[in-house]
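These notes are about the structure you will find just below.
Each value in this text was obtained by applying a stated rule to the coordinates, not by laboratory testing. Everything quoted here is computed from the prediction, not taken from an experiment. Heads up, the Cβs are rebuilt from the backbone with ideal geometry, glycines too, and the neighbour counts pull from every protein chain shown.
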Amino acid sequence: GHSIGGAISTEMAAGHPHLKVSVCNSRSFCKLSSVVVLLAPSFIGVPAASRKGRALRVLARVCMALSGWELDTGRNWGHVQGFKWVEFNRADHIIPHEISLHAKLVEEEKEQGRSESELRARVLPLINLNGMDNHNRMWLDTEMVQHLNLVAEAAALDGTGSSVEPSRRQREKLLYEMLTRACQ
């Protein structure tokens, strides 16, 4: 799932620990309330650093607490039993990295004495494109291949006995043919 869809798919998979559900969490947050509080001033066009902006953030925090509606993707991630991976972009303007699921996973790894490069979670870092909407943009060709490789790996684990390598070669051949036709 992408963005809030990533949080919802993670919550659904975590709610069914008896199933090995595969989850791709793409450019999503650790907690919904963090996003609402951060973006509250922009909802009505108020500068975040202004007095009104700070007041709106407090109001958003109170409203989220009173509503009882929270998507805690960071907590749910640990309960997902199937194949899972995170896609993130450090230049995401909707889900800034510091409130992303990826940042939470890195923080947990550091608490256990591991560095970001030793991250146990499967991670697909997306390239920052200047002047682009890095939250909603499509994958670049190289990112698409990496994403499809993770999808194939997840599908190969579903018990059908399919092998990842032949499907990977077939996808790469198809992608190469598409790119060749597009460049002609």
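Brief remarks follow.
- Bridgeable lysines around K31 (alpha carbons under 28 Å apart, same-chain partners fewer than 8 residues away excluded): K20, K52, K84, K104, K110.
- Degrees separating the helix 141-156 axis from the principal Cα axis of the chain, which is the longest one: 80
- Assigned charges on the beta-carbon of Lys, Arg, Asp, Glu; the range 1-151 dipole about Cα centre (debye): 460
- The range 1-20 residues near the modelled M178 label - backbone nitrogen below 20 Å, point 7 Å along Cα→Cβ: 1-2
- For the peptides 130-136, 10-16, residues were scored by their other Cβ atoms within 10 Å and the scores averaged per peptide; the highest-first order is 10-16, 130-136.
- Cα→Cβ-extended label distance, 7 Å offset, between R75 and N149, nm: 3.5
- At R0 = 25 Å, FRET efficiency that the Cβ-Cβ distance of S42 and N128 yields, to 0.05: 0.75
- Residue order, fewest to most surrounding Cβ atoms within 10 angstrom, among C183, C24: C183, C24
- Folded to 0 to 90 degrees: helix 32-43 orientation relative to the chain principal axis, Cα: 70
- Over the chain, dividing the summed -39,500 (n - 2.57) contributions of all DSSP H runs of at least 4 residues by the number of residues returns a 222 nm mean residue ellipticity of -16000 deg cm²/dmol.
- Neighbour counts of other Cβ atoms within 10 Å put D141, D92 in the fewest-to-most order D141, D92.
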